[in-house]
Amino acid sequence: MALKRSDRVLAFLLLATAVTVFLGERGALGVGQWWPVLLVMGLAALKAATVVWEFMEIGHAPALWKRLLLGWLVVVTLGILLAYAIGQRA
């Protein structure tokens, strides 16, 4: 039995959530470690983009809406990473 696209997307979202929860519970997001932070933020951005693309069906929207929504996601993700970097220096 072949899985539908929505089932595969949901499986990816659940797996990505499980990875981020595992890293958070394990304490891997400690001070001075960038790889877990980048992994968690990357997965969060990918999950958000997946929800926007698949469930909000932005793939059928005009190009301007695609650029606005995905650009907003990039700006927010980079802003959070910048705030984390500044917090690490303090």
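Checked against (1) at pLDDT 95 or above; (2) under 11 Å from the mean Cα position of the chain (by Cα), L38 meets all criteria but (1). So, G27, is that one modelled with pLDDT under 95 and over 21 Å from Q88 (Cα atoms) or not? Considered against the rule, which asks whether it is modelled with pLDDT under 95 and over 21 Å from Q88 (Cα atoms), G27 comes out as no. Within region 72-90, residues that are under 15 Å from L39 (Cα atoms) and among the hydrophobic types (A, V, I, L, M, F, W, C) sit with their Cβ atoms under 9 Å from residues that are open to solvent by 60 Å² or more (accessible area, probe 1.4 Å) and part of a helix (DSSP H, G or I), at 6+ positions apart or across chains, in these pairs: L81/L38. With respect to being touching an Asp or Glu at 6+ places or on another chain (Cβ under 6 Å) and either on the phi < 0 side of the Ramachandran plot or at pLDDT 90 or above (or both), V9 fits the description.
The values are calculated or read from the model by the stated rules, or taken from the named source; none is laboratory data. If you're wondering where the values come from, they're calculated on a predicted model, not measured in any experiment. With ideal geometry, Cβ positions are generated from the backbone for all residues, glycine too; neighbour counts draw on all protein chains shown. Each accessible area value is taken on the protein alone, full model and side chains, heavy atoms only, with ligands, DNA and RNA left out. Shrake-Rupley method; radii C 1.70, N 1.55, O 1.52, S 1.80 Å.
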